[in-house]
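Chemist: A single structure is presented below for examination.
Only the coordinates and a few stated rules stand behind these numbers; no lab work does. What you see is a predicted model, and the numbers here were worked out from it, not measured in a lab. Here Cβ is always computed from backbone atoms with ideal geometry, including for glycine, and neighbour counts include all displayed protein chains.
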Amino acid sequence: MKSLRLFWLSPIALLAACATTPPPPDDAPLEEVPEAVAAIADPAQNLSVVRIDPVDGCYWYQYSGPVETTFLPLRTSEGRAICTRAPEPEPEIDLTVERIE
């Protein structure tokens, strides 16, 4: 009976091991945050470990909370994300419906 339980729990344990993915290697932390970025960043954010996400081009800072340490988007005092490039516009989708007779 125990072996049957282990048989069903094994795949769950294997899938749980795949739940987190490591960050890509090309997003290493910056050695120095540019002065212009530091000037507009919200002062409540820790700028000691900052990186640029290669996917969106935005700055992310390392937040060390009571439970975990993770990267969060670096924001201005107004709450806007600080990025190295403007976000790409979403593609326009044609939603017109043609009647087929």
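Chemist: Tell me, which strands (runs of 3 or more DSSP E) lie completely within region 25-79 with 1 or more residues that are surrounded by fewer than 16 Cβ atoms within 10 Å (Cβ to Cβ), in contact with a strand residue (DSSP E or B) (Cβ under 6 Å, 6 or more places away or on another chain) and aromatic (Phe, Trp, Tyr)?
Modeler: Here the list reads 59-64.
Chemist: If you go through region 47-61, how many residues are touching a residue at least 12 places away in the same chain (Cβ under 8 Å) and more than 12 Å from Ile82 (Cα to Cα)?
Modeler: 4
Chemist: Please specify each residue of region 59-101 satisfying the condition of being under 22 Å from Glu31 (Cβ atoms) and touching a helix residue (DSSP H, G or I) at 6+ places or on another chain (Cβ under 7 Å).
Modeler: Answer for region 59-101, where residues must be under 22 Å from Glu31 (Cβ atoms) and touching a helix residue (DSSP H, G or I) at 6+ places or on another chain (Cβ under 7 Å): Tyr59, Ile82.
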